[in-house]
Amino acid sequence: MSVQNGGKTVFGAAVGILMLETRFPRIHGDMGNAMTWPFPVHYRVVRGASPDRVVRGDPRALLDTFVEAGRDLVATGADGITTNCGFLALVQDELRAALGVPVATSSLMQVPMVQALLPPGKKVVILTISKATLTHAHLAAAGVPLDTPVYGTDKGRVFTRDILGDAPAIDFAACRLDMLDAADEIMAQEPDAGAIVLECTNMVPYAADLRKRTGLPIYSIYSMVTWFQSGLMPRRFELILDDPRG
């Protein structure tokens, strides 16, 4: 076809990401590093939405700002919206109602599906950046059973402190040790653990380390958004059988 229809400004990027307003460095694997993704994405910064305000406060107070940024992403060309903080599960229902496109606010939304994959007697464990403030309201908003075990990096060296404190420089080797310590705690306390879901989007760079340390499947915002994008823009296959005997 030589004639194509338009209707939006940017083409070829199906996923729009609502970003908290931060200054800390974002390494490969972090949701806020565009090189993390194997496909193009859109970004919008939600002004005033700091990590501390969203994780330790109530993000519902910023709902109008998130809706405004999300609508801008949709108008620009995004066909689905996600966010870069698992605690935004609290605004999942409001965002999907306001934006009119599929919305996946939180990695925690994977927990019921992952649980359904596991053998009988095995369970999902959540690892979060702030166990102290991840409440039953967050879990319920993401469809997570309230008896799901939750562990955190709250008592670690730097990860929770520097991400939530929006530090201008971060020791990522120390962050890795925090993640491994948390994994060791899970394995010591949860003999029936069958998989780990990472709440925090900044934990993705350490997923392979956690998999090796625990032997368990590790699910994150990366696994969720790559699945999410595959529905928004399915891979096109040629209608042929490429076989030398065909």
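The values are calculated or read from the model by the stated rules, or taken from the named source; none is laboratory data. The model shown is predicted, which means the values in this text are computed figures rather than measured ones. Please note: Cβ atoms are built from the backbone with ideal geometry, for glycine as well, and neighbour counts cover all protein chains shown. Ligands, DNA and RNA are stripped out before the accessible areas are found, and what is left, the full protein with its side chains, is counted by its heavy atoms. Shrake-Rupley method; radii C 1.70, N 1.55, O 1.52, S 1.80 Å.
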So for the stretch 82-96 (the condition being among the small types (Gly, Ala, Ser), modelled with pLDDT of 95 or more and surrounded by fewer than 22 Cβ atoms within 10 Å (Cβ to Cβ)), does at least one residue qualify? no
Provide a single number: the residues in the stretch 140-165 that are more than 20 Å from ILE196 (Cβ to Cβ), open to solvent by less than 30 Å² (accessible area, probe 1.4 Å) and of a type outside the set (A, V, I, L, M). 1
Give the stretch 66-77 a look and list any residue that's buried (at least 16 other Cβ atoms within 10 Å of the Cβ) and either in contact with a His (Cβ under 6 Å, 6 or more places away or on another chain) or among the β-branched types (Val, Ile, Thr) (or both), or say none. VAL67, LEU73, VAL74
Being surrounded by fewer than 20 Cβ atoms within 10 Å (Cβ to Cβ) and not small (Gly, Ala, Ser) is the filter here; which residues of the stretch 187-215 pass it? MET187, GLN189, GLU190, PRO191, ASP192, ASP209, ARG211, LYS212, ARG213, THR214
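Looking at the stretch 119-132 only, could you name the residues that are over 21 Å from CYS85 (Cα atoms) and part of a strand (DSSP E or B)?
So the first thing to find is which residues in the stretch 119-132 are over 21 Å from CYS85 (Cα atoms), and the list is 119-123.
Correct list: LYS123 only.
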Under the condition of being closer than 21 Å to SER220 by Cα and aromatic (Phe, Trp, Tyr), which residue from the stretch 1-46 is surrounded by the fewest Cβ atoms within 10 Å (Cβ to Cβ)? PHE39
Take the stretch 171-186 and flag every residue that is touching a helix residue (DSSP H, G or I) at 6+ places or on another chain (Cβ under 6 Å) and open to solvent by 70 Å² or more (accessible area, probe 1.4 Å). ARG176
Looking across the stretch 210-230 at residues that are among the β-branched types (Val, Ile, Thr) and closer than 17 Å to ASP181 by Cα, the single one that is nearest to the chain's Cα centre (by Cα) is ILE218
